[in-house]
Amino acid sequence: MSNRVSSSKSQPESSEILPEVILQADDVSVSYHGIPALQNISLEIYKNQITSFIGPSGCGKSTFLRCFNRLNDLIPETRMTGKIRFFGQSIRRMNPVEIRRRIGMVFQRPNPFPKSIYDNIAVGLRVNGYRGNLDDRVETSLRHVGLWNEVKNKLKKNALDLSGGQQQRLCIARTIALNPEVILMDEPTAALDPISAGRINDLLMTMRQYYTIILITHNLKQAALITDRVAFFNVEINSRGDRVGKLIEYAPTLDIFVNPTQQTTWDYVIPGSRYSS
């Protein structure tokens, strides 16, 4: 197998019919306090697909994910170069509040507000000026994540009383209540038991009909089973000795797990290799 480093932007086969590009990253690099963390990343995210980012810890996956809704702007002395376009428009020219409504975020550990189950969803709608029927929107959001029948009789109870899996589904409901087009997920099942994680995986596969999902995961089985495309990141050492995240390969999921073009990708995805655990 060739050790040649592939282009960061995967070129589809001529027979591959791709959906609409919703996000496009061109030559994106990120540094913290002048120290490079991620370098020269280019790829396209396709509408109504689940795209996963995989790779060893510290390779810049979370940093790159936060670029899409400008959360890195909130971290002092962070600098991003290159361009990210959302439906063809530079995100730098868009209001960050609007970006974060249209590109929602679900974190690794469930983070419900210390409020009632109802208010966890309603508060975001109120802040964003929603003028429809709040009760209907709360119910619809909870139904979409399969939580309504479990909580419909205790909507006034504190969300922190829910199980971990229920809390994570509530956080997803809170996100989709704002009707985003893209949902970013940073290891959303890492803190859950296998049964709860399985329910989230089933939910994500259903949500793909309505949303574009970008998912960071260290669970290769999860990436192989529920995603459409996979981006493999790795760490390289630059001339100054800095550990810098690089995109090694980006392709349809089956290609990554069955026929990767790069030896480092193969080493990572094959069980028993020096990276896998």
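The values are calculated or read from the model by the stated rules, or taken from the named source; none is laboratory data. Just so it is clear, the model here is predicted, and its values are computed rather than measured. Cβ sites come from the backbone with ideal geometry, for glycine too, and all protein chains shown count toward neighbours.
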Open item on the list: If I go through segment 144-159 residue by residue, how many of them are at pLDDT 95 or above, under 19 Å from residue 110 (Cβ atoms) and of a type outside the set (A, V, I, L, M, F, W, C)?
Closed with: 4
TODO: Looking only at segment 121-157, count how many residues are without any contact (Cβ under 8 Å) to a residue 24 or more places away in the chain, assigned to a loop (DSSP other than H, G, I, E, B), more than 24 Å from residue 202 (Cα to Cα) and of a type in the set (D, E, K, R).
DONE: 1
Open item on the list: Tell me yes or no: at least one residue of segment 80-93 is farther than 20 Å from residue 216 by Cα, over 17 Å from the mean Cα position of the chain (by Cα), surrounded by 13 or more Cβ atoms within 10 Å (Cβ to Cβ) and among the hydroxyl-bearing types (Ser, Thr, Tyr).
Closed with: no
Open item on the list: Among the listed residues 268, 250, identify the single one that is among the aromatic types (Phe, Trp, Tyr), assigned to a strand (DSSP E or B), touching a residue at least 60 places away in the same chain (Cβ under 8 Å) and within 19 Å of residue 61 (Cβ to Cβ).
Closed with: 250
Task: Residue pairs meeting the criteria (Cβ under 6 Å; at least 6 apart or on separate chains; first among the charged types (D, E, K, R), in segment 66-86; second in a strand (DSSP E or B) and surrounded by 14 or more Cβ atoms within 10 Å (Cβ to Cβ)) - done: 79/31; 83/26; 85/24
Open item on the list: Go through (1) surrounded by fewer than 18 Cβ atoms within 10 Å (Cβ to Cβ); (2) in a helix (DSSP H, G or I) for residue 118 and report which single condition fails.
Closed with: (1)
Open item on the list: So, in segment 202-221, exactly how many residues are under 24 Å from residue 269 (Cα atoms) and more than 13 Å from the chain's Cα centre (by Cα)?
Closed with: 5
- [ ] Mind listing whichever residues of segment 165-203 are surrounded by fewer than 14 Cβ atoms within 10 Å (Cβ to Cβ) and in a helix (DSSP H, G or I)?
- [x] 194, 195, 202
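Each row is one residue, and each column tells you yes or no for (1) over 17 Å from the mean Cα position of the chain (by Cα); (2) surrounded by 15 or more Cβ atoms within 10 Å (Cβ to Cβ).
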residue: 30; (1), (2): yes, yes
residue: 50; (1), (2): no, yes
residue: 54; (1), (2): no, yes
residue: 95; (1), (2): yes, no
residue: 106; (1), (2): no, yes
residue: 110; (1), (2): no, yes
residue: 126; (1), (2): yes, no
Open item on the list: Against the conditions (1) closer than 30 Å to residue 117 by Cα; (2) under 18 Å from the mean Cα position of the chain (by Cα), where does residue 252 fall short? Just the number, please.
Closed with: (1)
